[in-house]
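Presented below is the structure to which this report refers.
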Amino acid sequence: MSAPIVTPVPAAAFDVEAVRAQFPVLAQQIRGKHLVYLDSGASAQKPEVVVQAVADCYRGYYSNIHRGVHALSERSTTAFERAREQVARFVNAPSPREIVFLRSTTEAINLVANSFLEPQLGPDDEILVTEMEHHSNIVPWQLVADRYGAKVVAAPVTDRGELDLDGLTRLISGRTKLVAVTHVSNVLGTINPIADIVRLAHAQGVPVLVDGAQGVPHLAVDVQALGCDFYAFSAHKVYGPSGVGALWARAELLAAMPPYQGGGGMIRRVSFSGTTFADPPERFEAGTPDVAGVIGFGAAVEWTRALGLDAIAAHEHELTQYAMARLADIPGLRLIGTAADKAGVVSFVMDGVHPHDIGTILDGEGVAVRVGHHCAQPLMERFAVPATARASFGVYNTSADVDALAAALDKVRHWFG
Amino acid sequence: MSDLRELYQEVILDHNKRPRNFRVIDPASHHAEGFNPLCGDRLTVFIDVADGVIRDLAFQGQGCAISTASASLMTEALKGRPVAEVEPLFAKFHDLVTTDGPTPPGLGKLGVLAGVREFPSRVKCATLAWHALKAALDHRSAPVATE
Ligand SMILES: Cc1ncc(COP(=O)(O)O)c(C=O)c1O
């Protein structure tokens, strides 16, 4: 391994070793090497407190919620509703009643597409997204647009991977029914200027949905300061369980939206002559939810908040800067996404080596990265690459992880000459 | 590291760097596109068949070392062979890359891909060209996906 040219991240106030100790999964070997987990962008690992919160629910008081008069149901309901308060506080929502628990970011966006957008959609209407969106912030809009002769248009991204705000502004018109934009790109790491985008859109009376899947793990999110109308996010990327997510939306928007799915828990009164629906958020929470998962979600956001989003962002920022500097020194390696404002996501390609082969060789060194199109095929096209390799950072990553990545990439160079 | 060395044998690295029969056949009696949505690998297989014999076989596209080398080795193995040999050879090749038993006989140079069996996520790479070849012979025009 070549000597580092850049000074590694100094051991600052953020005690990363103490953080690591809370993640049992990290203490293992892969193919005889220490696990170096650089795939938190796909899904983050879970701290002991989250594992414990889920286990405590199942071991101690699990039952269905909002249904029983018995003690366990009451305890589960209380814990579930406490999670709603915790998640609301996490994104600074004005009220927990503005938090709808769902399966994921994906389901949250589909809910908005079907309950908010569809009732007002007509021929030639437009939904404005960006070239850097994840498929889950493209396809749900296409599905409803196709039914009404509306279309999805995409604001351009610059060569550095920043959103072209002038390009976006030009695309907002009287036909635009919604702007849907990611807070942080899962491929480029770019942090988008949401408050500015909201101002531009609102000036034309257009509401804004933010895909917050990659926002919540890396940034202190304040939906009121952002000024957006919808914010969708998943628990699993912010150290919580997979299979649960949330939509934050303004109370008045939720109140006007019809149900998305029908079933138990979302009704006021059902009869064959007509059914009336519960108020939000229950109106959008049909069926038995992932009770323990939501409770784990609450534990995860509390844990993250206690660690401090600003401290996390600073730690990840240093790691990202260090990684970009180390990787830039590797011959034939090209970074994809060099925005000035960037969260802990580093994508790259290497001359003469397909990302898939990079991924396999890195795995042989115990280094877990994601390779492929990252559910962002339009963005791959924009950068004219079939795929990229991506290292993404979480609270538990260290400069030693970056060194392991760089050393493993030297091996890739060696193998593929 | 031994599994990796087994996967990325010299022959595979060589066929990746200098793929054989990496060209378009025009006109071709058959062609089809293969696509691996997982990693974005995309290749087109061209075949020229006359009297039940594969007179020429070539491919073009973009892929990882495993899919490129596998396609290259496939063209070498089947050029000049009767079309009737494609199915049984693919069946043997599929066994080679998915099952743990001894290498099936009669695979020749294709045997270098045996290391793929230790990497289940890479099986689709190794079989991409074969799926495209079969689709071409069946005259299926829509791209075949390995998922
Ligand atoms: C930017 C972005 N949006 C949306 C999603 C979808 O999240 P989920 O699969 O949890 O619905 C992801 C996850 O990969 C993402 O990175």
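Here are some notes:
- Among the residues making up the range B:24-38, a single one is among the acidic types (Asp, Glu) and surrounded by fewer than 17 Cβ atoms within 10 Å (Cβ to Cβ): B:Asp26.
- Failed condition for A:Gly308, given (1) more than 19 Å from the chain's Cα centre (by Cα); (2) at positive phi: (1)
- All conditions in (1) assigned to a loop (DSSP other than H, G, I, E, B); (2) away from chain B (no Cβ under 11 Å); (3) at pLDDT below 95 hold for A:Arg413, with the sole exception of (1).
- Residue count for the range A:207-226, restricted to those that are surrounded by fewer than 21 Cβ atoms within 10 Å (Cβ to Cβ) and within 11 Å of the ligand (Cβ to nearest atom): 0
- A:Val402 being in a loop (DSSP other than H, G, I, E, B), aliphatic (A, V, I, L, M) and not assigned by TED's automatic domain parsing to the domain that holds A:Pro156: no
- Count - residues of the range A:100-120 that are surrounded by fewer than 20 Cβ atoms within 10 Å (Cβ to Cβ), more than 12 Å from the ligand (Cβ to nearest atom) and in contact (Cβ under 8 Å) with a residue 40 or more places away in the chain: 3
- Considered as a group, the residues in the range A:22-80 that are buried (at least 16 other Cβ atoms within 10 Å of the Cβ) and aromatic (Phe, Trp, Tyr) include one that is nearest to A:Pro289 (Cα to Cα), and that residue is A:Phe80.
- Candidate set from the range A:241-256 (those that are surrounded by fewer than 20 Cβ atoms within 10 Å (Cβ to Cβ) and more than 16 Å from the ligand (Cβ to nearest atom)); member that is farthest from A:Ala53 (Cα to Cα): A:Ala256
- The condition (being touching a strand residue (DSSP E or B) at 6+ places or on another chain (Cβ under 8 Å) and more than 16 Å from the ligand (Cβ to nearest atom)) is satisfied by just one residue among A:Arg89, A:Arg84: A:Arg84.
- The single condition from (1) on the phi > 0 side of the Ramachandran plot; (2) within 14 Å of another protein chain (Cβ to nearest Cβ) that B:Asn21 fails is (2).
- Any helices (runs of 4 or more DSSP H) falling wholly within the range A:276-394 and containing at least 1 residues that are away from every other protein chain (no Cβ under 14 Å) and buried (at least 22 other Cβ atoms within 10 Å of the Cβ): A:291-307, A:309-328
- Among the residues making up the range A:384-404, those that are in contact with a helix residue (DSSP H, G or I) (Cβ under 7 Å, 6 or more places away or on another chain) and farther than 20 Å from A:Ala314 by Cβ are A:Pro386, A:Ala387, A:Thr388, A:Ala389.
- Residue in the range A:395-404 that is farthest from the ligand (Cβ to nearest atom), counting only those that are of a type in the set (Val, Ile, Thr) and either more than 14 Å from A:Leu38 (Cβ to Cβ) or buried (at least 22 other Cβ atoms within 10 Å of the Cβ) (or both): A:Val402
- Subset of the range A:19-47 (residues that are under 26 Å from A:Thr105 (Cβ atoms) and without any contact (Cβ under 8 Å) to a residue 24 or more places away in the chain): A:Val25
- Check on A:Arg97, surrounded by fewer than 21 Cβ atoms within 10 Å (Cβ to Cβ) and within 16 Å of the ligand (Cβ to nearest atom): no
- All of B:Asn21, B:Asn36 fail the test of being modelled with pLDDT under 95 and under 15 Å from the mean Cα position of the chain (by Cα), apart from B:Asn36.
- Of the residues examined, A:Thr388 is not one that is modelled with pLDDT under 95, polar (S, T, N, Q), outside the structural domain of A:Asn137 (by TED's automatic domain parsing) and closer than 30 Å to B:Ser2 by Cβ.
The values are calculated or read from the model by the stated rules, or taken from the named source; none is laboratory data. Small disclaimer: the values here were computed from a predicted structure and weren't measured. Cβ: placed from backbone, ideal geometry, glycine included. Neighbour counts: every protein chain shown.
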